[in-house]
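Undergrad: Structure below; questions to follow.
The values are calculated or read from the model by the stated rules, or taken from the named source; none is laboratory data. It should be emphasised that the depicted structure is a prediction, and the values quoted were computed from it without experimental measurement. We place every Cβ from the backbone using ideal geometry, glycine too, and count neighbours over all the protein chains shown. Quick note on the areas: whole protein, heavy atoms, side chains included, nothing else; ligands and nucleic acids left out. Shrake-Rupley method; radii C 1.70, N 1.55, O 1.52, S 1.80 Å.
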Protein chains: 2
Amino acid sequence: MSDLEIRPAALDDVPAIVAMLADDPLGARRESPDDLVPYHAAFRRLADDTNQHLVVAVRDGQVVGTLQLTVVPGLSRRGSTRSIIEGVRIHADERGSGLGTQLIQWAVDESRREGCQLVQLTSDATRTDAHRFYERLGFTASHVGFKLTL
Amino acid sequence: MSDLEIRPAALDDVPAIVAMLADDPLGARRESPDDLVPYHAAFRRLADDTNQHLVVAVRDGQVVGTLQLTVVPGLSRRGSTRSIIEGVRIHADERGSGLGTQLIQWAVDESRREGCQLVQLTSDATRTDAHRFYERLGFTASHVGFKLTL
């Protein structure tokens, strides 16, 4: 495979990112790729926040992966800064290519550069393949993740 | 019980917050209440970030509870903004008083005011009492929480 670039997402990448968010068993029910207005508004909010890193993986000029890394300072654990990974998606053509590993490795490396002591993420309980993937990368499934929809 | 105030934490509240973080089966192993330097640095970082809300609950002039609410914009779920609750602690003298419910309700209300569509948190798998507490408040234990210490 040809070279991969992982770089900050640009406004022009939003359609490709939303297409990947929607091409997913859970995402298909909650995304609206035909109406990009709310995504553009969210993109601008992310771009204005220096603790947010929305990135894309690009191969041969095509967006083939994405994730969002959020840096969160805090008092717990002797004033540790942690990072949170959200919205990991790999294009269907790239699944099994090792791209997921490269993206998560990028997020871990960037977290170190930002001075984080901890990286965390949650994964829907139904995504058992993803759970094995994160455990292979050294993550520990130590927590229960709770959500409340407003 | 007398009136309770939930307000933004001030620098002077840091010792009381750290004492609560440390007075906990898990926190006892990872906090250093005798060395506040890293906590003061983290407090300043939180104070400079408009997406961070570190609050304390105060009764009769005493800090009796704390939590950190982080507002996280994102593209997923039609550009939803979510909030993340971390570092929930209730003073030993106040456990069972309903203060936990009041603090979480504050966080949910503040999340609505900030335009969030989702509130999320993770809880260590060993904190089974906390899990029942969050489920009683309407949260769903839908996710597995992964952590990687750097």
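Undergrad: If contacts are Cα pairs under 8 angstrom and at least 6 residues apart, what is the relative contact order of chain B in percent?
TA: Details: 189 pairs, mean separation 28.0, N = 150.
Once divided by the residue count of chain B, the mean separation gives 19 percent.
Undergrad: Shifting gears a bit: Could you tell me the center-to-center distance, by alpha carbons, between segment B:96-139 and segment A:75-142 in angstrom?
TA: Between the Cα centres of segment B:96-139 and segment A:75-142 lies a distance of 24 Å.
Undergrad: Quick one: which residues, 5+ away or cross-chain, put their amide H under 5 Å from the amide H of B:ALA125? H built at 1.01 Å from N.
TA: A:HIS143, A:VAL144
Undergrad: Next question. Looking at the axis that maps chain A onto chain B, which chain A residue has the closest Cβ, and how far off is it in Å, rounded to a whole number?
TA: Taking the axis that maps A onto B, the answer comes out as A:GLY145, 2.
Undergrad: What figure in square angstrom, to the nearest 10, would you give for the accessible area of A:ARG113 with a 1.4 Å probe?
TA: We get 150 Å² for A:ARG113.
Undergrad: Right, something else. For segment B:57-74, in order, what is each residue's ³J(HN,Hα) by Karplus, 6.51 cos²θ - 1.76 cosθ + 1.60 with θ = phi - 60°, in whole Hz (x at glycine and Pro)?
TA: Calculated HN-Hα couplings, in order: 9, 10, 10, 6, x, 10, 6, 10, x, 7, 7, 10, 10, 10, 9, 10, x, x Hz.
Undergrad: Let me spell out the model: positive unit charges on the Cβ of Lys and Arg, negative unit charges on the Cβ of Asp and Glu, origin at the Cα centre of segment B:1-118. What dipole size does that give, in debye rounded to 20?
TA: Values: 13 positive and 18 negative charges, 143 e Å.
Here segment B:1-118 has a charge dipole of around 680 debye.
Undergrad: For a distance above 17 Å, tell me the whole-number percent of Cα pairs in segment A:61-150 that qualify.
TA: Every Cα pair in segment A:61-150 considered, those over 17 Å come to 55 percent.
Undergrad: Another question, if that's okay. Using a simple spin-label model with points 7 Å from Cα along the Cα→Cβ vector, what separation in nm is obtained for A:LEU26 and B:LEU36?
TA: Modelled inter-label distance: 4.0 nm.
Undergrad: If I take every Cα pair under 8 Å that is 6 or more residues apart in segment B:81-150, average their sequence separation and divide by the length, what percent do I get for the relative contact order?
TA: Values: 37 pairs, mean separation 27.1, N = 70.
This gives 39 percent for segment B:81-150.
Undergrad: For A:ASP34, place a label point 7 Å out from Cα along the Cα→Cβ vector, do the same in each other copy, and report the separations in nm, one decimal, smallest first.
TA: Result for A:ASP34, in nm, nearest copy first: 6.6.
Undergrad: Once phi is turned into θ = phi - 60°, what whole-Hz ³J(HN,Hα) does the Karplus curve with 6.51, -1.76 and 1.60 give for every residue of segment B:23-29, x standing for Gly and Pro?
TA: Here the 3J(HN,Hα) series is 8, 6, x, 7, x, 4, 7 Hz.
Undergrad: Could I ask something else about it? Using label points projected 7 Å from each Cα along Cα→Cβ, tell me how many nm separate A:LEU137 and B:PHE133, to one decimal.
TA: Each label point lies 7 Å from its Cα, and together they span 3.1 nm.
Undergrad: Output, in nm with one decimal and in ascending order, the distances from the A:ALA10 label point to the matching label points of the other copies (7 Å from Cα along Cα-to-Cβ).
TA: 4.9
Undergrad: Moving on. Name the shape class, rounded, prolate or oblate, that the alpha-carbon gyration tensor gives for segment A:1-149, where a ≥ b ≥ c are the square roots of its eigenvalues, rounded holds for a/c under 1.5, and otherwise prolate holds if a/b is larger than b/c and oblate otherwise. Walk me through the numbers before you get to the answer.
TA: Numbers: a/c = 1.34, a/b = 1.27, b/c = 1.06.
Taking the square roots of the gyration eigenvalues as a ≥ b ≥ c, segment A:1-149 is rounded.
Undergrad: Still on this structure: May I ask which residue of A:VAL58, A:TYR134, A:ALA47 lies farthest towards the positive end of the charge dipole of chain A, with charges of +1 (Lys, Arg) and -1 (Asp, Glu) on Cβ and the Cα centre as origin?
TA: A:TYR134
Undergrad: Nearest 500 deg cm²/dmol is fine: what mean residue ellipticity at 222 nm does the protein assembly as shown get from its DSSP H runs of n ≥ 4 alone, each adding -39,500 (n - 2.57), divided by its residue count? Mind dumping the intermediate values first?
TA: Details: 10 runs with 96 residues, N = 300.
Mean residue ellipticity at 222 nm (helix-derived): -9500 deg cm²/dmol.
Undergrad: Work the Kirkwood hydrodynamic radius out for the protein assembly as shown: mean of 1/r over every pair of different alpha-carbon atoms, inverted, in Å. All intermediate terms of the calculation are to be shown ahead of the outcome.
TA: Values: mean 1/r = 0.0500 Å⁻¹.
Computed over Cα pairs of the protein assembly as shown, the Kirkwood hydrodynamic radius comes out at 20.0 Å.
Undergrad: If you don't mind, another one. List the distances, in nm to one decimal, from the label point of B:ARG112 to the label points of the same position in every other copy, shortest first, placing each label point 7 Å from Cα along the Cα-to-Cβ direction.
TA: Output for B:ARG112: 4.5 nm, nearest copy listed first.
Undergrad: Tell me, what HN-Hα J-couplings in whole Hz come from the Karplus equation 6.51 cos²θ - 1.76 cosθ + 1.60 at θ = phi - 60° for each residue of segment B:108-114, using x for Gly and Pro?
TA: 5, 5, 5, 4, 4, 4, 7
Undergrad: Where Lys and Arg each count +1 and Asp and Glu each count -1, what net charge lies around B:ARG30 among other residues with Cβ under 12 Å from its Cβ?
TA: Local net charge: 0.
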